[in-house]
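These notes are about the structure you will find just below.
The values are calculated or read from the model by the stated rules, or taken from the named source; none is laboratory data. Keep in mind that what you see is a predicted model, and the values were worked out from it rather than measured. Cβ placement follows ideal geometry from the backbone for every residue including glycine, while neighbour counts extend to all protein chains displayed.
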Amino acid sequence: MNSPTETTAPIHSQHRQHSLFNQLSARAGWVLPNIPEILLRVLGTRTNSDGDRLDADVRASSLVTDLMHPADYSHQPVAKTRAVVEDAAYMAGGRVRPVGSVVEEQIRGVRVRHYRPTGAVTPDQDLPTLVYFHGGGWVVGSLDSHDSTCRWLCESARVAVLAVDYRLAPEHPFPAAPDDCCAVVEAAMAGEVRGVDKKKVAIGGDSAGGNLAAVVCLRRKRQGQEQPRAQLLFVPVTNLAQMDTPSHKEFAKGYFLTHAHMRWYRDQYLTDEAQRQDPDVSPLLADDVSGVAPAYVAVAGFDPLRDEGAAYADKLRQAGVPVSFRRHPGLIHPFVNSSGVWHGAARALDEAAGVLRAALEM
């Protein structure tokens with residue numbers, strides 16, 4: 001048995017200090033959900049090849065983001081890109097949503113942020129728990145960038161959330177990230193984490209985090225370990241070997257996540273081309289996905305990763321895995337941490353919270 005969980009002081013808000021300009025911009029953006037759609041449509045709209053129409057609030061905020069950060073961050077130093085992503089997440093996440101408590105812990109040497117919903121009786125009360133892996137291409141993103149996501153799921157689903165601060169590339173390339181994620185899930189399901197009901201653990205993540213959730217399930221299958229109750233895969237990366245789907249081509253530019261970004265993320269994360277074929281990098285290429293946790297797969301209509309997410313849902317379904325698939329037609333890639341500015345993102349998270357409650361039998 002590993003040493004007990006180490007807990008630090010409570011966390012009540014995001015840590016990163018934002019410039020006055022970004023604070024004012026964020027507050028202006030938080031007004032966006034109150035603007036009537038008919039007025040936002042004045043800024044124009046876009047329709048994809050399937051006939052989906054981009055949500056008006058998504059279009060409006062994307063124009064603002066493009067003005068604030070016009071440079072392609074795949075051509076910038078990693079540190080600068082991380083700062084840009086943190087600022088964007090701060091603006092998109094909205095005002096801090098209260099939860100019962102938030103503390104930071106070390107679980108098997110990995111930093112996590114432990115959220116508990118309002119009404120949790122004591123810190124020791126074992127609760128159904130979601131272990132969450134943030135997105136960011138294994139290179140950017142943090143506990144702060146997805147603080148709004150974790151708070152929303154914590155309160156809406158009435159579950160505890162363990163947000164995992166896994167190691168990032170290029171400082172820590174593959175397989176550091178999945179190793180960290182597997183370690184935290186193993187500890188949670190082994191009853192090593194105070195306040196976690198080891199029999200009611202689900203895992204989830206968005207983008208690279210969705211990839212990591214899928215990989216955790218595949219690894220546990222190969223090792224003969226018990227599966228989580230569910231895997232929530234939001235806009236997951238499932239194939240870094242072939243980034244040539246119709247959605248990759250149609251949304252290569254202009255919708256926040258670009259084809260150039262994906263190539264940049266891949267090159268930071270992997271140390272040689274052969275790794276692209278590894279199922280722990282590209283779950284869609286796994287020979288056998290049967291027996292993994294039931295999956296909820298959510299994709300966005302205007303996202304380069306849309307088709308590979310749908311393909312992985314199909315692969316799971318064909319292998320006999322219970323799958324719930326959801327396509328959010330008017331959204332773009334980063335919707336899970338954009339609930340403060342997009343109505344559709346808030347609805348998507350509420351839907352996922354309902355799925356999570358059902359999976360954890362609450």
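A few comments on the model shown:
- Enumeration of residues in region 305-355 that are outside any helix (DSSP H, G or I), modelled with pLDDT of 95 or more and hydroxyl-bearing (Ser, Thr, Tyr): Ser324
- Filtered residue count, region 274-285, keeping only those that are surrounded by 21 or more Cβ atoms within 10 Å (Cβ to Cβ) and among the small types (Gly, Ala, Ser): 1
- Candidates in region 62-87 are the residues that are surrounded by 16 or more Cβ atoms within 10 Å (Cβ to Cβ) and acidic (Asp, Glu); of these, the one that is modelled with the highest pLDDT is Glu86.
- Test: Arg97 is of a type in the set (Lys, Arg) and farther than 23 Å from Leu360 by Cβ: no
- Close pairs from region 77-98: first closer than 16 Å to Phe256 by Cβ and assigned to a helix (DSSP H, G or I), partner among the charged types (D, E, K, R) and at pLDDT 80 or above, Cβ under 8 Å, at least 6 apart: Glu86/Asp144; Ala89/Asp144; Tyr90/Asp144; Gly93/Asp147
- Residue in region 172-191 that is farther than 30 Å from Arg276 by Cβ, surrounded by fewer than 24 Cβ atoms within 10 Å (Cβ to Cβ) and out of contact with any Gly (no Cβ under 6 Å at 6 or more places or on another chain) present: yes
- Cβ-Cβ distances below 8 Å connect the following pairs, each with a first residue in region 164-192 that is closer than 27 Å to Trp264 by Cβ, a second residue that is in a helix (DSSP H, G or I) and of a type in the set (D, E, K, R), and a separation of six or more residues or different chains: Val164/Asp180; Tyr166/Asp180; Arg167/Asp180; Pro178/Arg219; Cys182/Arg219; Cys182/Arg220.
- Only a single item in (1) out of contact with any Gly (no Cβ under 8 Å at 6 or more places or on another chain); (2) closer than 29 Å to Asp280 by Cβ is not met by Gly354, and it is number (2).
- Spans of helices (runs of 4 or more DSSP H) in region 187-290 with at least 3 residues among the hydrophobic types (A, V, I, L, M, F, W, C) and modelled with pLDDT of 95 or more: 208-222
- The residues of region 140-158 that are surrounded by fewer than 24 Cβ atoms within 10 Å (Cβ to Cβ) and in a loop (DSSP other than H, G, I, E, B), listed by number, are Ser142, Leu143, Asp144, Arg158.
- Among the residues of region 99-121, the one identified as closer than 13 Å to Cys150 by Cβ and either modelled with pLDDT under 85 or out of contact with any strand residue (DSSP E or B) (no Cβ under 6 Å at 6 or more places or on another chain) (or both) is Pro117.
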